[in-house]
Protein chains: 2
Amino acid sequence: MHKYYTITELTREFGVSTRTLRFYEDEGLIHPERRGRTRLFKASDRRLIGEILRGRRLGFTIAEIREIIDIYKGPPGEIGQLELMMKRVAEKRDQLNQKRKDIEETLAELDNVDEACLARLAELRVGS
Amino acid sequence: MHKYYTITELTREFGVSTRTLRFYEDEGLIHPERRGRTRLFKASDRRLIGEILRGRRLGFTIAEIREIIDIYKGPPGEIGQLELMMKRVAEKRDQLNQKRKDIEETLAELDNVDEACLARLAELRVGS
DNA sequence: GATGACTTTTACGTAAAAGTCAATTTTTAG
DNA sequence: CTAAAAATTGACTTTTACGTAAAAGTCATC
């Protein structure tokens, strides 16, 4: 029932180094169990690593990724805390929407380049 | 007709420092004109800076941004070059699509958190 | 009990992307 | 023309996110 992953299994799966995963632990992003000194990663740790790396691909810093992870930890009990959290969620959403807009624009420009290339190729084949 | 921007105009508009723009020039990403030693930025430089910062927001490195800029420079003449460029465009597109997927997933999770917060708030108001 | 594959900690190193500071110009307003 | 404001260069520093090397512990297997 309790299947554990070793550190190298995860480094292979995610294409990162052991140093990277230890670094994330030092930074308090993950908390694998220990058997003696050896780290034991559970399925939940594995999921979390996936989320961290997703944030990394999006260009978030460790601090920003930490914020996202804190958000995932689920809603707290107190009203003030809840409202604070919803504000944070809204901020992250804004950042992500900005990034999405950036992506759409860049993709659109790449489409133009692509078309220009195709047009030029067509010209060349006919013999300019 | 030839409206020039000063460096500080652009730093204010884009929210970056002069050092940043000088850095981009050192890196060969932009090539503002000079009157004496002073940099003069044209509309095209301004557009380019916008594109650079867009790449930066997406977490691309300077090297990757340079690649994108090179792509924008327009299609070259030779067939081999054209095909190479289309390959590069395809690669960038893949990267961007991955990022977009990452964004959608993260947004979806934030939606869940948001709903959980709202639900919890509703509970609290009724009196749990 | 030796081998080999993994893993650990500690600690220094490094590349990328600016920030900061100081010492000059240069430009612009009056 | 001149003082203030803006811009320049160069050198040095900082932060982030790991890389890398050393030295030693762990564990399965032959």
**Asked** When you go through (1) exposed (fewer than 15 other Cβ atoms within 10 Å of the Cβ); (2) in contact with a Phe, Trp or Tyr (Cβ under 9 Å, 6 or more places away or on another chain); (3) under 30 Å from B:Arg125 (Cβ atoms) one by one for A:Ile68, which number turns out not to apply?
**Response** (1)
**Complete:** Subset of segment A:1-32, residues open to solvent by less than 70 Å² (accessible area, probe 1.4 Å) and among the charged types (D, E, K, R), comes to A:Glu25, A:Glu27
**Request:** Would you point out which residue out of A:Arg88, A:Arg93, A:Arg37, A:Arg100 is touching a helix residue (DSSP H, G or I) at 6+ places or on another chain (Cβ under 7 Å), more than 30 Å from B:Glu123 (Cβ to Cβ) and open to solvent by 30 Å² or more (accessible area, probe 1.4 Å)?
**Result:** A:Arg100
**Prompt:** Which one is farthest from DNA strand C (Cβ to nearest atom) among residues in segment A:54-72 that are closer than 20 Å to A:Arg100 by Cβ and among the basic types (Lys, Arg)?
**Reply:** A:Arg54
**Asked** If you go through segment A:1-27 one residue at a time, how many are under 16 Å from A:Gly50 (Cβ atoms), within 10 Å of DNA strand D (Cβ to nearest atom) and touching a residue at least 12 places away in the same chain (Cβ under 8 Å)?
**Response** 3
**Request:** Consider only pairs whose beta carbons are under 6 Å apart and that are at least six residues apart or on different chains; among these, list those whose first residue lies in segment B:32-46 and is touching a residue at least 40 places away in the same chain (Cβ under 8 Å) and whose second residue is more than 8 Å from DNA strand D (Cβ to nearest atom) and in a loop (DSSP other than H, G, I, E, B).
**Result:** B:Asp45/B:Ile30
**Prompt:** In segment B:111-128, how many are facing another protein chain (nearest Cβ under 7 Å) and of a type outside the set (Lys, Arg)?
**Reply:** 6
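The values are calculated or read from the model by the stated rules, or taken from the named source; none is laboratory data. Nothing here was measured: the structure is a model prediction, and the numbers come from that model. All Cβ positions, glycine included, derive from the backbone under ideal geometry; neighbour counts span all protein chains shown. Heavy atoms of the whole protein, side chains included, go into the accessibility calculation; ligands, DNA and RNA do not. Shrake-Rupley method; radii C 1.70, N 1.55, O 1.52, S 1.80 Å.
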